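All of the numbers you see were taken from the coordinates with simple rules; none came from a lab. Note that the structure is a prediction, hence the values are computed from the model and not measured. Don't worry about glycine lacking a Cβ; one is built from the backbone with ideal geometry, like all the others, and counts go over all protein chains shown.
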Amino acid sequence: MQLQVLFEDNHLIAVNKPAGILSQGDSTGDTTVMDWTKNYIKLRYNKPGDVFLGSIHRLDRPVSGVIIFARTSKALARMNELFKDRKIQKTYWAIVTHQPDPIEGSLKGYIYKDTAKNRSKILPKADSNRHKGAKLAKLDYRLLGRLGSNVLLEVKPETGRPHQIRVQLADQLDAPIRGDLKYGDRNRNEDGNINLHSRSLEFMHPVKKELVKIIAPVPREDQLWGLFHEMEEW
């Protein structure tokens, strides 16, 4: 599969991750989008030996969209600081099963990750006894469109907790993401992935000090995303 490069300079590279591909290596040993990106750099620039590529953030395996890597150690350190200081504007698109009420708003709660089950749960308040390590999770959402029972939401997470968007939409809005059996949807997508897409990243370039906005087209081969392709001009 051909890698779609969305942004590239001497410091950073961003690509459009296909759903179903790992961001980074895990116990499965499956090829990752990081592997693809390293190979792309190696071939394009005829680089001998190992290619440096720093992981800045990750997307869940069944999620598609923009993911960015650092090409230098300096860019890696500075981008990590931007994420830590919440100076990266992240925007996601999600196709959900129900129209939320209200159609625009903010969600807040505490997320606890059960690592054994690879599943998060949302808590109304921090619980240091039963759920040690639960962290505050905040996001904003708004309705973009609806076609039949398919509802398109724009989601802007303020924090970056495990499975945050998935669990907050499902538990706090009663609007599970299409195909997300883990968090309440009853129907599996044919490819086993979910309709959550990392639509854009916006930030001040850590070296050039210029505003950067990177937008990832939705997966056109996915029938559900195809319903909303006209909104890509927004």
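Restriction of the GluC sites (Glu not before Pro) in region 142-234 to DSSP coil positions whose beta-carbon has at most 11 other beta-carbons within 10 angstrom yields GLU190, GLU210, GLU221. Of all beta bridges that DSSP places with both ends in the chain, some 95 percent have antiparallel geometry. Taking other Cβ atoms within 10 Å as a rough exposure proxy, ILE68, ILE56 sort from fewest to most as ILE56, ILE68. Bridging of LYS182 to lysines at a Cα separation below 29 Å is possible for LYS17, LYS84, LYS90, LYS108, LYS113, LYS117, LYS121, LYS125, LYS132, LYS135, LYS138, LYS156, once same-chain residues fewer than 8 apart are set aside. Computed over region 5-233, relative contact order equals 21 percent, with contacts defined as Cα pairs under 8 Å that lie 6+ residues apart. Per-residue Cβ neighbour counts within 10 Å put THR159, THR32, THR37 in the sequence THR159, THR32, THR37, beginning with the fewest. Placing +1 on each Lys and Arg Cβ and -1 on each Asp and Glu Cβ, with no other charges, gives region 5-233 a dipole about its Cα centre of roughly 960 debye. For region 13-27, 3J(HN,Hα) computed residue by residue from phi via the Karplus equation (6.51, -1.76, 1.60; θ = phi - 60°) reads 9, 10, 10, 9, 6, x, 4, x, 9, 5, 6, 9, x, 9, 5 Hz, glycine and proline entered as x. The ranking of HIS163, HIS229 by Cβ neighbour count inside 10 Å, starting from the fewest, reads HIS229, HIS163.
Each residue of region 56-66 was assigned a 3J(HN,Hα) from its phi angle through the Karplus curve 6.51 cos²θ - 1.76 cosθ + 1.60 (θ = phi - 60°); the sequence is 9, 8, 9, 10, 4, 3, x, 9, 9, x, 5 Hz, with glycine and proline shown as x. Does anyone have the angle between helix 33-44 and the longest principal axis of the chain? Alpha-carbon axes, 0 to 90°, nearest 10? Value to nearest ten degrees: 30. A Cβ-based charge dipole, computed about the Cα centre of region 1-119 with Lys and Arg at +1 and Asp and Glu at -1, lands at about 300 debye. Setting aside same-chain residues fewer than 8 positions from LYS74, which aspartates and glutamates have a Cα under 15 Å from its Cα? Straight-line reach from LYS74, under 15 Å: ASP9. Looking at region 136-234, the trypsin sites (Lys or Arg not before Pro) that sit in a DSSP loop and have at most 14 other Cβ atoms within 10 Å of their own Cβ are ARG186, ARG188, LYS208, LYS209, ARG220. Of the labelled figures (1) 26, 23, 16; (2) 42, 17, 14; (3) 29, 21, 18, only one reflects semi-axes √(5λ) of the Cα gyration tensor in Å as derived from the coordinates, namely (3). Is the C-alpha gyration tensor of region 71-169 telling us rounded, prolate or oblate? Criteria: a/c under 1.5 is rounded; beyond that, a/b larger than b/c is prolate, otherwise oblate. Oblate, because a/c is 1.5 or more while a/b does not exceed b/c. For region 13-49, the set of chymotrypsin sites (Phe, Trp or Tyr not before Pro) satisfying both a DSSP loop assignment and a count of at most 10 other C-beta atoms within 10 Å is given as TYR45. The angle separating the long axis of helix 73-84 from the principal Cα axis of greatest extent in the chain is about 20 degrees.
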